[in-house]
């Protein structure tokens, strides 16, 4: 733990601001000379897990791994500059000063190559980075009949259960979640098992400069629930046995370029403490200060500050997964940074029928590459709600971590593959790999197929209806909700264990139906059978009475 503590000590010496400071600048330095760290002793600035990754995948430890020279930091502090953030990969830092004369002359220092202003005191505009398309819809009802509960559709769509039933649930894989906050993760029920089993390895707040992430935005909490949530019968995430670092980089009340620097610092930290995967539901195109805005021509994988860092993270062996963004119905239309990175696995959104979600950011990148890479369920996705109940939310914010969790399971299955090989496996398993487009990229992955466990395809899923049955077990009533892609006849019959028909309901030429079977309190306790006919499909479900 010595090296991890050292890394945090370096970070905690930086000045922290809860609000974006006026007169903040990004400085790029010329070199890393006069450095107290050396490449011959990387254990002083990288954890053993990070070193093991580099050794396993034959990744060179180079100058970009070295921390910024403390001599340069001390010199700038002595001048009166407050250092808000640093990036060793890009050899840059964010500094604050109200002394305009000092700022004007800062590039005269021999070790400062260039500077650019990144914040102002403009009034914040509406947020654009949190990829939650709209407010959460109504809270869902009681437990679903399946162990995955309301998360069944989002995991069945990508055949994730094929890995889970074979014991691959993310064990041994560490995921760094970079987001805007993780409100009440320390007390909400979906995360009980993460807490009990010490699967949350730590937290860092790169906005405020501390470790308090549970009092900020609930966005990251909902993101985490799609992977690490574990309430059998209500919601089970895609990687319930993985370990997590919770890293806050985003100030949800403003949109300034300094948040890119925060993200980069978080990504560097994630690499240094040995995260295998970084998942991020953040993206940047426009800022409260329009002079900092990106244009579509900047979405070339090499221009945006955050994108350059994301690709560096991938070069260190980290699998970087990012949301495509929700700007398809916005004048911007396209994906955002860092989703344009050529080594970033960018995830778009579909609905429960595997159809493109109208808001999901589209490609290609400005230089013509396929984006997004793949897609998953990001419309009416089941998540942990802040009240403690399971609810639903929209956005590529949720399709990306769904894929990240399953990527952890796949990497557990293929421990000898590197990050880019895992990424390729995911792409190759997707349902339109041979005919990609600009909305879903290579399509919806099939993780059973990626692992060679099954040859099922997304086309089999698309034909299914969504069926919710609750409560299970029941006492006085049963509620059945059916939503299907096509308009077909629906029939529902309830039988006891001997085959005696108790109730029957029929609907002609409908796409959805809500069946409420009441007055069941007089039935004996035991097992009952529901026979649901949709078109020419017959589905039988057992349900118990208490």
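Quick notes on this structure:
- Yes/no for residue 217 being assigned to a loop (DSSP other than H, G, I, E, B), assigned by TED's automatic domain parsing to the domain that holds residue 384, out of contact with any helix residue (DSSP H, G or I) (no Cβ under 9 Å at 6 or more places or on another chain) and under 24 Å from residue 402 (Cα atoms): yes
- In the range 307-341, the residues that are farther than 30 Å from residue 87 by Cα and part of a helix (DSSP H, G or I): none
- Only one of the listed residues (216, 242) is more than 20 Å from residue 349 (Cα to Cα) and surrounded by fewer than 24 Cβ atoms within 10 Å (Cβ to Cβ). That residue is 216.
- The number of residues in the range 273-298 being touching a helix residue (DSSP H, G or I) at 6+ places or on another chain (Cβ under 8 Å) and farther than 21 Å from residue 422 by Cβ comes to 2.
- Strands (runs of 3 or more DSSP E) fully within the range 342-442 counting 2 or more residues that are under 27 Å from residue 276 (Cα atoms), touching a strand residue (DSSP E or B) at 6+ places or on another chain (Cβ under 6 Å) and in contact (Cβ under 8 Å) with a residue 60 or more places away in the chain: 344-350, 374-377, 381-384
- Lone qualifier among 320, 344 - being surrounded by 24 or more Cβ atoms within 10 Å (Cβ to Cβ), farther than 24 Å from residue 218 by Cα, within 16 Å of the chain's Cα centre (by Cα) and modelled with pLDDT of 95 or more: 344
- Filter result (surrounded by 15 or more Cβ atoms within 10 Å (Cβ to Cβ) and under 27 Å from residue 257 (Cβ atoms)) within the range 51-69: 64, 65, 66, 67, 68, 69
- Residue within the range 197-209 that is within 30 Å of residue 473 (Cα to Cα) and either at pLDDT 95 or above or surrounded by fewer than 19 Cβ atoms within 10 Å (Cβ to Cβ) (or both) present: yes
- For the condition at pLDDT below 95, surrounded by 24 or more Cβ atoms within 10 Å (Cβ to Cβ) and closer than 21 Å to residue 388 by Cβ, residue 151 qualifies.
- Subset tally (residues that are more than 27 Å from the chain's Cα centre (by Cα) and modelled with pLDDT of 70 or more) for the range 453-482: 14
- The residues on offer are 195, 248, and the sole one that is assigned by TED's automatic domain parsing to the domain that holds residue 28, more than 15 Å from residue 401 (Cβ to Cβ) and in contact with a strand residue (DSSP E or B) (Cβ under 9 Å, 6 or more places away or on another chain) is 248.
The values are calculated or read from the model by the stated rules, or taken from the named source; none is laboratory data. All values derive from a computational prediction rather than experimental measurement. No Cβ is skipped: glycine too gets one built from the backbone with ideal geometry, and neighbour counts run over all protein chains shown.
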